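Participant: Structure in structure tokens, see below.
Any read-out appearing in this document is the output of simple, stated calculations on the displayed coordinates, not a laboratory observation. Computed from a predicted structure; not experimentally measured. Cβ coordinates were reconstructed from backbone atoms using ideal geometry, including for glycine residues, and neighbour counts include every protein chain displayed.
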Amino acid sequence: MSSPAALAVPLQFAGQSRAEIFQSIFTVFLALGTLVGVVVIGYTLYNAYRNRDDGAAVDAADGAAAKKQPRIGELPSGGGGGRKLFLSFAISAIIVVGLIIWTYSALLYVEGQPNTADAEQINVTGEDFTWQFEYDNGVTTVNELRVPANERVVLRATSGDVWHTFGIPEKHVKTDAIPGQTSTTWFDTGETGEYRAECFELCGTGHSGMTADVIVMEPEAYEQWLANQSDSSEAAANESDGANASANRLDAGDAAASGPTPNDVAASRPAPSAAAASGASPPIAARDRGESR
Ligand SMILES: [Cu+2]
């Protein structure tokens, strides 16, 4: 429970994080459930004690004491002409309907997109038992989600193969990752630290190992990291372009040479060892790190 106001004015969730809202829901359900349990069990025990068999019916010489004891086959008449029954039904209905309305309004707020216009947008793709993250500036990471502390982040999740579900339990955020669809959700990053994202939809042999590190960084450090990643990915792209160009030049040189060289003969033969190696260790088995849960 973040504040008593959350109970007094149920529709006002503005400014609360997902974690606070879910904590409120948990606390209210726990408190009401405990209250109802104490009242029902207490009332039952009270009546069991009040109507206990104290031997009065057997010992009583007059018929008055014996009359209050129930007889076999007798139906209870209902206390107070049905007033108790009506009261208990009315109180139950008020509690249940109140809980439904209040919880539903909280979930509507969570499922909506409150104040996320300026939020960091990160695309999440589940594929091949890994999580890929794409940031605003095009930087991508695999199995590592970095976010700035104390900010609201929007996640847009999808899948490249089968149904997955992306979730970070400690941040109370979870959303489906379905091929051909984009599910949008949000969370408040909170304090710096390391958390764990997992897949919550049984998706195949590598499901249990389909986790990602969630690193909540100081905002300045995050911005710097993002800028560095952007630079290095550009450099890597340039580098691979250069490598391709030199490889092309080599190919041209080989073609110009007359007659097959020993290397060409070796290359034209099938390579059984390579085929056997790839057959012996399929990628799925390699990725499934055996973390059964
Ligand atoms: Cu999974």
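Participant: Please order Trp131, Trp186, Trp102 by the number of other Cβ within 10 Å, starting at the fewest.
Facilitator: With the sparsest Cβ surroundings first, the list reads Trp102, Trp186, Trp131.
Participant: Another question, if that's okay. Based on a Kirkwood Rh over C-alpha pairs, give the Stokes-Einstein translational diffusion coefficient of the range 96-160 at 25 °C and viscosity 0.890 mPa s in µm²/s.
Facilitator: 177 µm²/s
Participant: With the Cα gyration tensor of the range 120-225 in hand, convert its eigenvalues to equivalent ellipsoid semi-axes via √(5λ) and list them largest first in whole Å.
Facilitator: One finds semi-axes of 22, 14, 12 Å for the range 120-225.
Participant: Most exposed first by the Cβ proxy, i.e. fewest other Cβ within 10 Å, how do Ile72, Ile215 rank?
Facilitator: With the fewest neighbours first, Ile72, Ile215 line up as Ile72, Ile215.
Participant: Would you mind ranking Leu107, Leu45 so that the residue whose beta carbon has the fewest other beta carbons within 10 Å leads the list?
Facilitator: Ordered by Cβ neighbours within 10 Å, fewest first: Leu45, Leu107.
Participant: Contact order normalised by length for the range 120-225, with contacts defined as Cα pairs under 8 Å and 6 or more residues apart; what percent is it?
Facilitator: Reported relative contact order: 29 percent.
Participant: Report ³J(HN,Hα) in whole Hz for each residue of the range 171-178, in order, from the Karplus equation J = 6.51 cos²θ - 1.76 cosθ + 1.60 where θ = phi - 60°; Gly and Pro get x.
Facilitator: Karplus-based 3J(HN,Hα) across the range 171-178 equals 9, 6, 10, 7, 8, 5, 10, 10 Hz.
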